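First comes the structure, then the notes that go with it.
Please treat every number below as a calculation from the coordinates, not as lab data. Source: prediction; values computed, not measured. Virtual Cβ from ideal backbone geometry, glycine too; neighbours counted across all protein chains shown.
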Amino acid sequence: MNLRLGDVDGLYHHHYGVGDVDRAALGDPEDAAYEKRLVAELHRLESAQTDVLLDHLGDIGREDTLVDAGCGRGGSSVMAHQRFGCRVEGVTLSSAQAEFGNRRAKELGIEDHVRARVCNMLDTPFEKGSIAASWNNESSMYVDLDDLFAEHARFLKTGGRYVTITGCWNPKYGQPSKWVSQINAHFECNIHSRREYLRAMADNRLVPQAVVDLTPATLPYWELRATSSLVTGIEEAFIESYKDGSFQYVLIAADRV
Ligand SMILES: C[S@@+](CC[C@H](N)C(=O)[O-])C[C@H]1O[C@@H](n2cnc3c(N)ncnc32)[C@H](O)[C@@H]1O
């Protein structure tokens, strides 16, 4: 699915989308070209998600270096470079993803600015205080948050910006719902609660500047995706848990103090 969507314009994401569905662009579901337009629309919403993340990185200059922690195939890294002209260092556990991202950067002629490497984001080679901004785009549910934020706080400059977009379970609900447990089993991850994010940030010199609930903005993406031939079987868990309030899609932007 990620490759089909990425083939639309060469930006390869492994995350979800935000924003209203453009019904006019989708056209008539009976039309033979409808499925192709639906794929393009899902992809547009996924790129819009990255734009929201980049909007929260603050002032980034051409001389800055950013870290894309858990970079996947590098779609967000490429978009960050295209917007700011800066260097972006991606890290992923997957050698296939790193090779794919580096090949794509070369095809775009930006390999001197965008690079992916196989590396544990909890233990990176970046020098202490050398990075202007960093993010986790849907990659923080695979690791311990204290270890993750300690590493971001180490390599970020004082005053540097950290942003995450992630699904988290809602502490108001008391415990992870059955839908959240299904999502954990499906992706072999460990979704943290919103409170765990805020606590681990506070313990690691990351002071939240914005907490944005993106749940209403991501629901249209999921409802559209559920109607496509690309369904993976996990759509119901996302839709139902977003609707019952047990799961939230949030952006948290924090300053390294
Ligand atoms: C759902 S994908 C998100 C990819 C990318 N951020 C995006 O938005 O397209 C999760 C990514 O996290 C990476 N990941 C998970 N644990 C990691 C770790 N300990 N160190 C580095 N990368 C990790 C995976 O290799 C994968 O690239």
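Can you list, largest first and rounded to whole Å, the semi-axes you get for the range 4-59 by taking the square root of 5 times each eigenvalue of its Cα gyration tensor?
Working: eigenvalues 121, 32, 10 Å².
The answer is 25, 13, 7 Å, longest axis first.
Below 11 angstrom from the Cβ of A80, what's the summed charge of the other residues (Lys, Arg +1; Asp, Glu -1)?
On the way: positive: R83, R87; negative: D51, D64, D68, E89.
Result for the neighbourhood of A80: -2.
So how much slack lies between K128 and D9, counting 0.36 nm per residue of separation and subtracting their Cα-Cα distance, in nm?
39.3 nm
Among the trypsin sites (Lys or Arg not before Pro) in the range 89-154, which ones are in a DSSP loop with at most 12 other Cβ atoms within 10 Å of the Cβ? Mind listing them?
Those satisfying the criteria are K128.
So for the pair Q175, R83, with labels modelled 7 Å out along Cα→Cβ, what separation do we get in nm?
Once both label points are built, they end up 3.9 nm from each other.
Grab the beta carbon distance between D59 and A96, set R0 = 45 Å, and tell me the FRET efficiency rounded to 0.05. It would help to have the intermediate numbers written out before the result.
Working: r = 34 Å, r/R0 = 0.77.
Between D59 and A96 the formula returns 0.85.
Hey, what did the range 1-125 get for relative contact order, percent, Cα under 8 Å, at least 6 apart?
Numbers: 189 pairs, mean separation 26.1, N = 125.
So the answer I get is 21 percent.
State, to one decimal in nm, how far the label point of D255 lies from the label point of L219, with both points 7 Å from Cα in the Cβ direction.
3.4 nm
Return, for the Cα atoms of the range 7-118, the radius of gyration and Dmax in Å, separated by a comma.
Computed over the Cα atoms of the range 7-118, radius of gyration and Dmax are 15.3, 50 Å.
Give the relative contact order (percent, whole number) for the range 143-222; include only Cα pairs under 8 Å separated by 6+ residues.
Normalised by residue count, the contact order of the range 143-222 is 38 percent.
So if each residue of separation counts as 0.36 nm, and I subtract the Cα-Cα distance between V211 and D146, what length gain in nm does that give?
21.5 nm
Would you mind calculating the gained length between D22 and D244 on full extension (0.36 nm times residue separation, minus the Cα-Cα distance), in nm to one decimal?
77.4 nm
From Cα pairs below 8 angstrom and at least 6 apart in sequence, can you work out the relative contact order of the chain, rounded to a whole percent?
Numbers: 499 pairs, mean separation 50.7, N = 257.
It comes to 20 percent, rounded to a whole number.
If the label point is 7 Å along Cα→Cβ of K157, which residues in the range 58-95 have backbone nitrogen under 15 Å from it?
Residues 58-67, 85-88 fall inside that zone.
Sorting C189, C86 on the 10 Å Cβ count, fewest up front, what's the list?
If I rank by nearby Cβ atoms, fewest first, I get C189, C86.
For the range 120-248, which semi-axes, largest first and in whole Å, follow from the square roots of 5 times the eigenvalues of its Cα gyration tensor?
Its equivalent ellipsoid spans semi-axes of 29, 15, 14 Å.
Which net charge results for the neighbourhood of K128, defined as the other residues with beta-carbon distances under 11 angstrom from its beta-carbon, given Lys and Arg at +1 and Asp and Glu at -1?
Numbers: positive: R154, K157; negative: E127, E151.
Value of the local net charge: 0.
Could you work out the pair-distance distribution P(r) of the chain from its alpha-carbon pairs, with 10 angstrom bin width and percents rounded to whole numbers?
Taking all Cα pairs of the chain, the binned fractions are 7, 31, 37, 21, 4, 0 percent.
So which lysines pass the test for K157, namely a Cα distance under 20 Å, with those fewer than 8 places away in the same chain ruled out?
Straight-line reach from K157, under 20 Å: K128.
Which longest uninterrupted range of the chain lacks any GluC sites (Glu not before Pro) assigned by DSSP to a loop state (not H, G, I, E or B) and surrounded by at most 10 other Cβ atoms within 10 Å?
189-257
If you find the alpha carbon centre of the range 102-162 and of the range 1-29, how far apart are they in angstrom?
26 Å
Quote the FRET efficiency, to the nearest 0.05, computed for V118 versus A40 with a Förster distance R0 of 30 Å and r equal to the Cβ-Cβ distance.
For R0 = 30 Å, the calculated efficiency reads 0.45.
Please state the shape class of the range 174-257: rounded when a/c is under 1.5, otherwise prolate if a/b exceeds b/c and oblate if not, all from the C-alpha gyration tensor.
Prolate shape, in that a/c is at least 1.5 and a/b is the bigger ratio.
Sum -39500 (n - 2.57) across every DSSP H segment of at least 4 residues in the chain, then divide by the residue count to get the 222 nm mean residue ellipticity, nearest 500. If you can, show how the numbers build up before the last one.
Working: 10 runs with 105 residues, N = 257.
After summing the helix terms and dividing by the residues of the chain, the value is -12000 deg cm²/dmol.
Under a Cβ-Cβ cut-off of 15 Å, what is the net charge of the residues other than D146 that fall near it, where Lys and Arg count +1 and Asp and Glu count -1?
Every neighbour counted, the sum reads -2.
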